[in-house]
Amino acid sequence: MQVNGSTRIVDVGSALDLVLSGDPTLLRIVGLSLTVTVTATLAAAAIGIPFGAFVATSRFRGRSAIIVMLNALMGLPPVVVGLALFLALSRSGPLGGFGLLFTPSAMIIAQTLLILPIIAALTRQAIEDLWLEYAHELTAMQIGPIGRIMTLVYEGRFALATILLAGFGRAAAEVGAVMIVGGNIDGFTRVMTTTIALETSKGNLELAIGLGIVLIALVMVINAATWALRAWADRHAG
Amino acid sequence: MQDRIVDDPTSLTGSDGPLVRLERVSYTAGDTPILTDLWLDIASGPPTILLGPNGAGKSTLLKLLMGLVAPTEGNLEARRVLGGRLPRMAFVFQRPVMLKRSAAANVAYALRAAGRSTSGNAIRDLLDRVALDHLRDRPARRLSAGEQQRLALARALAREPDLLLLDEPTASLDPTATKAVEDIVANVAREGVKVVIATHDMGQARRLGGDVVLVVGGRIAERSATEDFFKRPSTEAARRFLAGDLVLST
Amino acid sequence: MRLSFLATLALALVPIGAASVGAQETSIVVASTTSTEDSGLFKHILPLFQAKTGIDVKVVAQGTGQALDTARRGDADVVFVHAKALEEKFVADGYGVARFDVMYNDFILIGPKGDPAKVTGGKDVVVALKAIAATKSPFVSRGDKSGTHSAELKLWTVAALDPQKDKPDWYREIGQGMGAALNTAGAMGAYVLSDRATWISFKNKDSLEIAVEGDTRLFNQYGIILVDPKKHPHVKAKPGQAFIDWVLSAEGQNAIRSYRIDGQQLFFPNSEQAQRKKAG
């Protein structure tokens with residue numbers, strides 16, 4: 001790997017050593033990253049899955065507009081989310097009284113807002129496909145609107161797990177929004193992506209690459225776990 | 001879904017009356033007429049066979065009876081059965097959708113949907129009736145087509161139906177699996193459940209039927225007792241259908 | 001399944017609450033500059049302050065302009081930056097209580113080892129800038145309203161040039177922090193104005209070297225200001241003032257003096273107290 005147009009080579013081996021040494025600062029950064037992103041993913045799931053499933057199984061005025069909007073919001077630029085949230089959470093903003101700016105909570109909210117449209121839109125698509133398949137059977141069993149949402153979410157649980165993973169991946173890889181609303185405070189709101197940005201700016205490329213490897217490894221481990229879960233489910237749950 | 005059923009205790013009372021009565025019922029999908037001007041009583045007794053070529057409207061007629069679709073014109077009335085309640089109905093589709101869980105859990109789901117106890121005994125009883133108790137823990141989607149159809153029957157029976165509607169339940173099954181399904185249906189009918197079954201299998205009509213309703217081109221072409229239908233068909237459409245001609249309209 | 005899902009959800013919401021509560025402990029937010037944060041100074045002095053007072057200092061590192069803006073909105077309790085004119089305006093506008101000198105370091109002109117403008121080794125930064133402009137050698141500007149950026153612009157003015165307005169090809173405004181500017185200059189073989197602290201701690205020096213240093217016009221003064229609680233009532237004035245008092249005290253000044261990388265001192269404390277002590 002060539003850096004800065006010169007002949008200098010980044011030593012990936014020493015980058016890995018740094019990571020594998022289990023440095024407590026590094027572990028705390030990785031831990032905070034996971035806490036923030038897992039919490040944001042679960043919060044977005046708690047809102048996005050029921051909402052997506054409701055839109056999928058209901059007919060009402062403005063439904064098409066909501067679907068178009070959800071699909072459009074999937075591409076929400078993180079920096080814009082970060083900036084809007086920054087202005088809202090700032091002491092001079094409408095939600096300033098909560099004192100959430102530059103806290104992990106602000107980062108969780110930012111990531112939740114960022115991936116909520118993704119989870120809701122993909123859930124809507126997945127559940128609508130299932131609904132086409134199940135509609136007659138569930139109607140014949142006289143399952144009501146709430147019951148069918150719960151049934152379809154359960155029936156689509158493996159597809160939904162993949163959707164949550166997509167959301168998790170996007171949230172974990174994001175840097176712009178958490179940098180703005182978290183402030184990248186050492187030991188408090190510094191996560192993997194903001195550390196990578198910071199260490200790169202300090203010319204500390206080994207550590208940046210090392211953290212990059214951890215981030216990629218994490219996302220890959222979680223993907224593999226989900227894939228294994230799906231494979232297992234295909235064999236056992238039909 | 002029962003909004004088309006007239007909730008009037010004075011209509012259609014008496015134990016000899018029909019469970020469901022269709023008066024002047026038509027159903028149109030968009031501009032295409034599917035069913036036209038049907039008059040039909042479904043009374044308790046041996047199974048009623050809806051016979052007719054593909055596309056004649058048999059499935060739609062069953063869905064009308066179930067309340068899955070509403071008539072575009074005419075009336076559909078349900079009689080109150082003993083105890084003053086409306087008849088309970090259950091439906092088995094040609095290709096039933098299995099829930100992604102075990103056979104037992106599929107039955108439990110149907111019991112819960114019907115507001116009934118999901119005790120181990122209740123589940124075992126239903127699985128026994130369709131000879132599937134030995135596969136109770138098997139994921140339902142891993143069952144063979146015939147086993148899935150029997151599990152669908154168990155789910156339908158979980159509703160304790162007065163009227164059991166079956167839409168070509170054996171159309172995609174081999175003879176052995178077909179016989180297993182027919183045996184269960186015959187037993188259920190003997191227990192007093194009114195069975196209405198759509199099929200284009202004349203042998204099945206002969207084996208199960210109390211009476212036959214011949215549907216051709218969205219109209220009822222003939223209705224008679226099974227034996228009469230096959231031996232002494234009274235309409236030209238029925239004669240041609242039995243002779244194996246392509247019958248497209250009455 | 002359904003129950004365990006709800007349980008997971010409940011668990012997930014706990015850290016949100018916990019994090020909000022955590023923010024209410026004795027901690028203050030200091031808006032400071034990337035140069036101070038990137039140099040590692042805070043990592044060196046903050047544990048000493050926390051050990052003494054128990055106050056947790058959270059540093060948000062931004063460009064000086066952005067840091068002052070953060071404080072103006074009330075999102076920080078203390079500002080610790082290096083652009084004296086802007087800081088004095090901040091206080092004059094009523095956002096800050098008072099400004100104190102803390103320490104200084106100096107800016108240096110960094111250039112590529114090839115030295116296309118032939119300025120390396122010079123002592124006059126203005127002459128060097130004129131030479132860079134005359135030879136159209138690439139120059140990277142922070143372009144982010146930081147203290148370093150405003151110092152750079154002031155030097156161009158002294159040189160009677162205005163590349164920010166004229167936007168010649170060789171002048172690249174990147175709108176990023178000091179480290180990013182050094183990385184970019186290294187990649188482009190460009191000149192760049194840097195504070196000495198960031199330069200010393202910068203790990204990717206590579207093809208870059210110091211071109212001009214020691215000019216008195218490269219003096220870089222840091223100041224500290226408490227955000228005025230009259231403007232923003234939630235400002236934690238007591239712990240904020242405690243931090244300022246400590247930084248200005250002999251103890252804080254010694255902590256700053258003792259921070260070294262590779263044996264080189266990065267910041268030179270010069271608070272009024274320290275000056276008085278030296279005099280007396």
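The values are calculated or read from the model by the stated rules, or taken from the named source; none is laboratory data. The model shown is predicted, which means the values in this text are computed figures rather than measured ones. For neighbour counting, all protein chains shown are included, and Cβ atoms are generated from backbone atoms with ideal geometry for every residue, glycine included. Surface accessibility is based on the protein's heavy atoms, side chains included, excluding ligands, DNA and RNA. Shrake-Rupley method; radii C 1.70, N 1.55, O 1.52, S 1.80 Å.
What is the number of the single condition among (1) open to solvent by 40 Å² or more (accessible area, probe 1.4 Å); (2) in contact (Cβ under 8 Å) with a residue 40 or more places away in the chain; (3) closer than 22 Å to A:GLU133 by Cβ that B:ASN75 does not meet? With respect to (1) open to solvent by 40 Å² or more (accessible area, probe 1.4 Å); (2) in contact (Cβ under 8 Å) with a residue 40 or more places away in the chain; (3) closer than 22 Å to A:GLU133 by Cβ, B:ASN75 is out only on (3). Scanning the stretch C:145-158 for residues that are exposed (fewer than 15 other Cβ atoms within 10 Å of the Cβ) and hydroxyl-bearing (Ser, Thr, Tyr) gives a single hit, C:THR157.
The single residue among C:ARG172, C:ARG142 that is in contact (Cβ under 8 Å) with a residue 12 or more places away in the chain, open to solvent by 60 Å² or more (accessible area, probe 1.4 Å) and in contact with a Ser or Thr (Cβ under 7 Å, 6 or more places away or on another chain) turns out to be C:ARG172. Among the residues of the stretch A:95-110, those identified as part of a helix (DSSP H, G or I) and more than 26 Å from A:VAL30 (Cβ to Cβ) are A:GLY96, A:GLY97, A:PHE98. Of all the criteria given as (1) open to solvent by less than 50 Å² (accessible area, probe 1.4 Å); (2) modelled with pLDDT under 95; (3) under 19 Å from the mean Cα position of the chain (by Cα), the one not satisfied by C:GLY22 is (3).
Within the stretch C:135-165, the set of residues being part of a helix (DSSP H, G or I) and closer than 23 Å to C:TYR104 by Cβ comprises C:GLY147, C:THR148, C:HIS149, C:SER150, C:ALA151, C:GLU152, C:LEU153, C:LYS154, C:LEU155, C:TRP156, C:THR157, C:VAL158. Within the stretch B:101-126, being in contact (Cβ under 8 Å) with a residue 40 or more places away in the chain, part of a loop (DSSP other than H, G, I, E, B) and at the interface with chain A (Cβ under 10 Å from one of its Cβ atoms) holds for one residue alone: B:ALA114.
Considering the stretch C:192-240, and only residues there that are in contact (Cβ under 8 Å) with a residue 40 or more places away in the chain and polar (S, T, N, Q), the residue that is farthest from C:GLY111 (Cα to Cα) turns out to be C:GLN221. When residues in the stretch A:112-138 are screened for being open to solvent by 10 Å² or more (accessible area, probe 1.4 Å), within 12 Å of another protein chain (Cβ to nearest Cβ) and not small (Gly, Ala, Ser), 7 of them pass. When you go through (1) away from every other protein chain (no Cβ under 13 Å); (2) part of a helix (DSSP H, G or I) one by one for A:THR25, which number turns out not to apply? Evaluating A:THR25 over (1) away from every other protein chain (no Cβ under 13 Å); (2) part of a helix (DSSP H, G or I) leaves (1) as the failure. In the set (1) open to solvent by 40 Å² or more (accessible area, probe 1.4 Å); (2) not in a loop (DSSP other than H, G, I, E, B), the condition left unmet by A:ALA161 is number (1). Among all positions in the stretch B:227-244, there is no residue which is open to solvent by less than 20 Å² (accessible area, probe 1.4 Å) and within 16 Å of the chain's Cα centre (by Cα). Looking at the stretch A:139-154, which of the residues that are more than 16 Å from B:LEU165 (Cβ to Cβ), crowded, with 18+ Cβ neighbours inside 10 Å and facing chain B (nearest Cβ under 8 Å) is farthest from the chain's Cα centre (by Cα)? If we take residues in the stretch A:139-154 being more than 16 Å from B:LEU165 (Cβ to Cβ), crowded, with 18+ Cβ neighbours inside 10 Å and facing chain B (nearest Cβ under 8 Å), then A:ILE143 is farthest from the chain's Cα centre (by Cα). A single entry from B:ASP137, B:ASP162, B:ASP183, B:ASP128 fulfils the requirement of being among the charged types (D, E, K, R) and buried (at least 18 other Cβ atoms within 10 Å of the Cβ): B:ASP162. In the stretch A:201-213 there is no residue that is within 13 Å of chain C (Cβ to nearest Cβ), buried (at least 17 other Cβ atoms within 10 Å of the Cβ) and in contact with a strand residue (DSSP E or B) (Cβ under 7 Å, 6 or more places away or on another chain). Given the structure, is A:PHE98 open to solvent by less than 40 Å² (accessible area, probe 1.4 Å), within 13 Å of chain C (Cβ to nearest Cβ) and either under 19 Å from the mean Cα position of the chain (by Cα) or closer than 30 Å to C:HIS232 by Cβ (or both)? Judged against the criteria, A:PHE98 is not a match. Against the conditions (1) out of contact with any helix residue (DSSP H, G or I) (no Cβ under 9 Å at 6 or more places or on another chain); (2) at pLDDT below 95, B:SER172 satisfies every one except (1). For the stretch B:86-99, does any single residue satisfy the condition of being within 14 Å of another protein chain (Cβ to nearest Cβ), more than 30 Å from A:PHE158 (Cβ to Cβ) and of a type outside the set (A, V, I, L, M, F, W, C)? Checked the stretch B:86-99: at least one residue is within 14 Å of another protein chain (Cβ to nearest Cβ), more than 30 Å from A:PHE158 (Cβ to Cβ) and of a type outside the set (A, V, I, L, M, F, W, C).
Within the stretch A:168-196, the set of residues being open to solvent by 20 Å² or more (accessible area, probe 1.4 Å), of a type in the set (A, V, I, L, M) and part of a loop (DSSP other than H, G, I, E, B) comprises just one member, A:VAL175. Among the residues making up the stretch A:155-191, those that are within 11 Å of another protein chain (Cβ to nearest Cβ) and small (Gly, Ala, Ser) are A:GLY156, A:ALA159, A:GLY182, A:GLY183, A:GLY187. In the stretch B:211-233, is there at least one residue being β-branched (Val, Ile, Thr) and part of a loop (DSSP other than H, G, I, E, B)? For the stretch B:211-233, residues β-branched (Val, Ile, Thr) and part of a loop (DSSP other than H, G, I, E, B): absent. Might you let me know whether the stretch C:155-170 holds any residue that is in contact with a helix residue (DSSP H, G or I) (Cβ under 7 Å, 6 or more places away or on another chain) and within 13 Å of chain A (Cβ to nearest Cβ)? Within the stretch C:155-170, none of the residues are in contact with a helix residue (DSSP H, G or I) (Cβ under 7 Å, 6 or more places away or on another chain) and within 13 Å of chain A (Cβ to nearest Cβ).
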